[in-house]
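Take a look at the structure set out below.
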Amino acid sequence: MAEILGVAASAAQLLDGAIRLLKRVRKAYDRHQNLTEVLDQATLELESINAIVRAIVDEDALQTPAVAAELTKLYALGTKLVKCLKELDPGNKGAVRQIAHQFVHGTKEEETLADIMTDLDRAKANLSFRVQLANVGLTRMVHDTVLANVDVIDRIDRLLAEVFRERHGLKIAGLLDATVPQNDNLVFLSRAEIASLDPRTTGNTDSNITLDDKTIDRIIVGNMARGSAIQLLGPIGRDLWEDMRVRIENNTASGHAAQFAYPTDFVTFKYLLDHQERMAVLETR
């Protein structure tokens, strides 16, 4: 995750520099109407791309490997853009040299700029697609069922909807429109429903939805049981965690407390519970 954040932050920094350079070149060529129109449009486009990148920097859930791959391509294009803009920038050229530069090199550099902006527009579309398909707020469950956190999805969906100027910023948010959340504001989605969001998987009924490798489906930390308390931190009977990744750490039990922090079968649970009750009785004598 830190590596992806670094790529996003670098891309944002590069775009910031390109936008500043664009505005400087725009000012220098103020009387060159055709070029200033191109530069104005390029500035708006870069600001739009940068808004997406900034959202990625701010939201860990959007920092997926697929997004990182698009950011790497975007960074390479941004580097080409900066080089092109430096060629266009009159800088400290004298008045005569500046005019000569403009007439001799202007057309070629304008064409190069136009080509780069076309590539950037395509890169923006690819990055937007990857961001909107991010598996935000999902927790893998048993078999083909996925649990979605409505609060998380809604928050990031609103953020991206503003960036993309669309009703939904996340494709998955559209699946929640017709669902009724449970008391904990969670909804069940099928893997097939999530796969349908990506047009490349349309018609594939055997879709394999994989969550980010760094995703933790269940986090159980910092719980404490004291005295004769019974604390259940995992399922009893059927192992509902068989297809999940779980992080269990820093949980404490003291005295004769019984703490169950991992899936336990009924026989083992009953034995441990009886033992805990016997120890509690002995403690009171």
| said: Of everything in the stretch 228-264, what is farther than 22 Å from LEU147 by Cβ, at pLDDT 70 or above and either among the basic types (Lys, Arg) or surrounded by 14 or more Cβ atoms within 10 Å (Cβ to Cβ) (or both)? Give them in sequence order. | reply: ALA229, ILE230, GLN231, ASN251, ALA253, ALA257, ALA258, GLN259
| request: Go through ALA178, ALA195, ALA225 for me and flag whichever is of a type outside the set (Asp, Glu), at pLDDT 70 or above and under 19 Å from the mean Cα position of the chain (by Cα). | output: ALA195
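The values are calculated or read from the model by the stated rules, or taken from the named source; none is laboratory data. Worth saying up front: this structure is predicted, and the values here are computed from it rather than measured. Using ideal geometry, Cβ is built from the backbone for each residue, glycine included, and neighbour counts are taken over all protein chains shown.
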